[in-house]
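**Student:** Attaching a single structure in structure tokens format; questions to follow.
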Amino acid sequence: IVDHLSLFFICIFTISSALAILLSVEYNEREGIRAGEYYALILFCTVGMILLASSTDMIMIFLGIEIVSICLYVLAGIRRDDLRSNEAALKYFMLGAFATGFLLYGMTLVYGSTGSTNLFKIAEVVQNPAAQSNPLLLMGLVLLIIGFGFKVASVPFHMWAPDVYQGAPTPVTAFMAVGPKAAAFAAFFRVFAETFPELAPSWEILLSTVAVLSMFFGNLGAIMQTNIKRMLAFSSISHAGYILMAVIAKNSLGSSSLLFYMLTYTFMTFGIFGIIIILGRKGEENLEMKNYSGLAYKHPVLALSMTIFLLSLGGLPPFAGFIAKFYIFSAAIQEGLITLVVIAVLNSAISFYYYLKGIIFMYM
């Protein structure tokens, strides 16, 4: 399907792929990554993401997810002589295969209880009150949440994220944090907010619990990290919690806030990873927080840019991150999700602790 949602997401995917390729050129040369298939895999992964955001059939959504996943398994372990990279690829592959099983089984149960894999036809069937109380359909939705939850790294399906973010090459980590995550959220929104709004009382509570856990676990986990890539991995888990609020809101403001949030998140994340790559040297990537001590005196422009990106991730006004969160919180308030918004605002305040920690290292 070609609609506003898919077109905007395709823009996000092309921007994230272009930025990943630009960051990779110098990095690959420096780190000795001589794999010719590297760029082909990024582009093929982009095709998978476009399929995922534009699909209105569960079989196509599954194909999109698999194309994206297989490319990322290879990209995470592309530094074959690096043990961390090998470990990242293996963990991601093993857990990813497990999550795919849940996703496919969920799709099977939805197909079995509605007689179709087409999202529009499923939406028509679900309008019938008899179909809404079908235990097979409800079980299918739970399994779909597990499958999609793994792809967006929400708690409790987040175990892979810190190790994979740390072990994968830095441009791949940046790409993984943005493009595939946005694609999974596009599918998440289509399947839940657009296909099953009648069943919202059943899945809203479950998704709200996942969102709250993601915010708390992500932020509290990030506070304890000294490695900047692991810190950003936990940060991305907490952001998955905020973005899930747009899916739960399921109104027109929810879809537009999801798009705006993903676009700003793309630039913030690539900005931080770009600075990490610029400051790295061969075999020494400067990934510990203490490596950034006094950066403001050695590279004032880079330190200022890093500060802006970190404060924006935290959601400080007047930066884009604040506007993105404001839109998502507004969409949730429109749907009466006041408690969820209060929890999200508290978590935003907690997140400043670890974002400011990096800034203090650079300036003090």
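The values are calculated or read from the model by the stated rules, or taken from the named source; none is laboratory data. Bear in mind that the values here come from a model prediction, so they are computed numbers and not experimental data. Glycine also receives a Cβ, built like all others from the backbone with ideal geometry; neighbour counts cover every protein chain displayed. To get the accessible areas, we keep the full protein, side chains included, count just its heavy atoms, and leave off ligands, DNA and RNA. Shrake-Rupley method; radii C 1.70, N 1.55, O 1.52, S 1.80 Å.
**Student:** Pairs needed: first member in region 52-79, touching a residue at least 24 places away in the same chain (Cβ under 8 Å); second member anywhere, open to solvent by 20 Å² or more (accessible area, probe 1.4 Å) and of a type in the set (Phe, Trp, Tyr); C-beta distance under 6 Å; at least 6 residues apart or different chains.
**Tutor:** Cys71/Phe44
**Student:** Among the helices (runs of 4 or more DSSP H) contained in region 125-169, which hold 1 or more residues that are under 21 Å from Tyr73 (Cα atoms) and open to solvent by 10 Å² or more (accessible area, probe 1.4 Å)? Explain how you work it out, then say what you get.
**Tutor:** Values: elements: 129-132, 135-151, 161-167.
Helices (runs of 4 or more DSSP H) meeting the threshold: 135-151, 161-167.
**Student:** Please state which one of Ser69, Ser85, Ser55 is surrounded by 20 or more Cβ atoms within 10 Å (Cβ to Cβ) and closer than 21 Å to Leu141 by Cβ.
**Tutor:** On inspection, the qualifying residue turns out to be Ser55.
**Student:** Before we move on, is Ile10 over 21 Å from Ala161 (Cα atoms), open to solvent by 10 Å² or more (accessible area, probe 1.4 Å) and in contact with a Phe, Trp or Tyr (Cβ under 9 Å, 6 or more places away or on another chain)? Walk me through it before giving the result.
**Tutor:** Values: over 21 Å from Ala161 (Cα atoms): yes; open to solvent by 10 Å² or more (accessible area, probe 1.4 Å): yes; in contact with a Phe, Trp or Tyr (Cβ under 9 Å, 6 or more places away or on another chain): no.
For Ile10, the condition - over 21 Å from Ala161 (Cα atoms), open to solvent by 10 Å² or more (accessible area, probe 1.4 Å) and in contact with a Phe, Trp or Tyr (Cβ under 9 Å, 6 or more places away or on another chain) - is not met.
**Student:** Further question on the same structure: Out of Val2, Val68, I need the residue that is assigned to a loop (DSSP other than H, G, I, E, B) and closer than 28 Å to Thr117 by Cβ. Which one? Don't jump to the end; show me each part of the working.
**Tutor:** Values: Val68 fails: assigned to a loop (DSSP other than H, G, I, E, B).
Among Val2, Val68, only Val2 is assigned to a loop (DSSP other than H, G, I, E, B) and closer than 28 Å to Thr117 by Cβ.
**Student:** Looking only at region 80-112, which residues are modelled with pLDDT under 90, touching a helix residue (DSSP H, G or I) at 6+ places or on another chain (Cβ under 9 Å) and over 21 Å from Pro180 (Cβ atoms)?
**Tutor:** Passing the criteria: Arg80, Asp82, Leu83.
**Student:** From the list Ala193, Ala174, Ala200, Ala184, pick out the single residue that is in contact with a Lys or Arg (Cβ under 9 Å, 6 or more places away or on another chain), touching a residue at least 24 places away in the same chain (Cβ under 8 Å), buried (at least 24 other Cβ atoms within 10 Å of the Cβ) and hydrophobic (A, V, I, L, M, F, W, C).
**Tutor:** On the way: Ala193 fails: buried (at least 24 other Cβ atoms within 10 Å of the Cβ); Ala174 fails: in contact with a Lys or Arg (Cβ under 9 Å, 6 or more places away or on another chain); Ala200 fails: buried (at least 24 other Cβ atoms within 10 Å of the Cβ).
So the residue among Ala193, Ala174, Ala200, Ala184 that is in contact with a Lys or Arg (Cβ under 9 Å, 6 or more places away or on another chain), touching a residue at least 24 places away in the same chain (Cβ under 8 Å), buried (at least 24 other Cβ atoms within 10 Å of the Cβ) and hydrophobic (A, V, I, L, M, F, W, C) is Ala184.
**Student:** Quick check on region 20-40: of everything there that is aliphatic (A, V, I, L, M) and either outside any helix (DSSP H, G or I) or at pLDDT 95 or above (or both), which residue is nearest to Ala174 (Cα to Cα)? Reasoning before the result, please.
**Tutor:** Just the residues of region 20-40 that are aliphatic (A, V, I, L, M), to begin with: 20-23, 25, 33, 35, 40.
After this cut, where a residue has to be either outside any helix (DSSP H, G or I) or at pLDDT 95 or above (or both) as well, the list is 33, 35.
Values: Ile33: 17, Ala35: 19 Å.
So the residue we want is Ile33.
**Student:** All but one of (1) open to solvent by less than 10 Å² (accessible area, probe 1.4 Å); (2) free of Cβ contacts under 8 Å to residues at least 24 places away in the same chain; (3) of a type in the set (A, V, I, L, M, F, W, C) hold for Ala331; state the number of the condition that does not hold.
**Tutor:** Result: Ala331 fails condition (2) only.
**Student:** Does region 242-258 contain at least one residue that is small (Gly, Ala, Ser), touching a residue at least 40 places away in the same chain (Cβ under 8 Å) and either under 18 Å from Ala174 (Cα atoms) or surrounded by fewer than 21 Cβ atoms within 10 Å (Cβ to Cβ) (or both)? Please lay out each step first, then the result.
**Tutor:** First, pick out the residues of region 242-258 that are small (Gly, Ala, Ser): 246, 249, 252, 254-257.
Next, from what is left, pick out any that are touching a residue at least 40 places away in the same chain (Cβ under 8 Å): 246, 249, 254-257.
This time we only want the ones that are either under 18 Å from Ala174 (Cα atoms) or surrounded by fewer than 21 Cβ atoms within 10 Å (Cβ to Cβ) (or both), so: 256.
Taking every residue of region 242-258 in turn, at least one turns out to be small (Gly, Ala, Ser), touching a residue at least 40 places away in the same chain (Cβ under 8 Å) and either under 18 Å from Ala174 (Cα atoms) or surrounded by fewer than 21 Cβ atoms within 10 Å (Cβ to Cβ) (or both).
**Student:** Among all residue pairs at least 6 apart or on different chains, which show Cβ distances below 9 Å where the first residue, located in region 222-238, is under 17 Å from Leu279 (Cα atoms) and the second is part of a loop (DSSP other than H, G, I, E, B) and charged (D, E, K, R)?
**Tutor:** Every condition considered, the pairs that remain are Lys229/Glu285.
**Student:** Which one of these does Thr226 not meet: (1) open to solvent by less than 30 Å² (accessible area, probe 1.4 Å); (2) touching a Lys or Arg at 6+ places or on another chain (Cβ under 8 Å); (3) not hydrophobic (A, V, I, L, M, F, W, C)?
**Tutor:** (1)
**Student:** Working only within region 315-328, note down all residues that are under 16 Å from Tyr354 (Cα atoms) and either surrounded by fewer than 23 Cβ atoms within 10 Å (Cβ to Cβ) or among the hydrophobic types (A, V, I, L, M, F, W, C) (or both).
**Tutor:** Listed by number, the list holds a single entry, Leu316.
**Student:** Phe361: assigned to a helix (DSSP H, G or I), surrounded by 15 or more Cβ atoms within 10 Å (Cβ to Cβ) and under 20 Å from the mean Cα position of the chain (by Cα), yes or no? Talk me through it step by step, then tell me what you get.
**Tutor:** On the way: assigned to a helix (DSSP H, G or I): yes; surrounded by 15 or more Cβ atoms within 10 Å (Cβ to Cβ): yes; under 20 Å from the mean Cα position of the chain (by Cα): no.
Judged against the criteria, Phe361 is not a match.
**Student:** Continuing with the same structure: Can you give me the number of residues within region 334-354 that are aromatic (Phe, Trp, Tyr) and surrounded by 20 or more Cβ atoms within 10 Å (Cβ to Cβ)? Full working, then the answer.
**Tutor:** Residues of region 334-354 that are aromatic (Phe, Trp, Tyr), as a first pass: 352-354.
From what's left, surrounded by 20 or more Cβ atoms within 10 Å (Cβ to Cβ): 354.
Selection size over region 334-354: 1.
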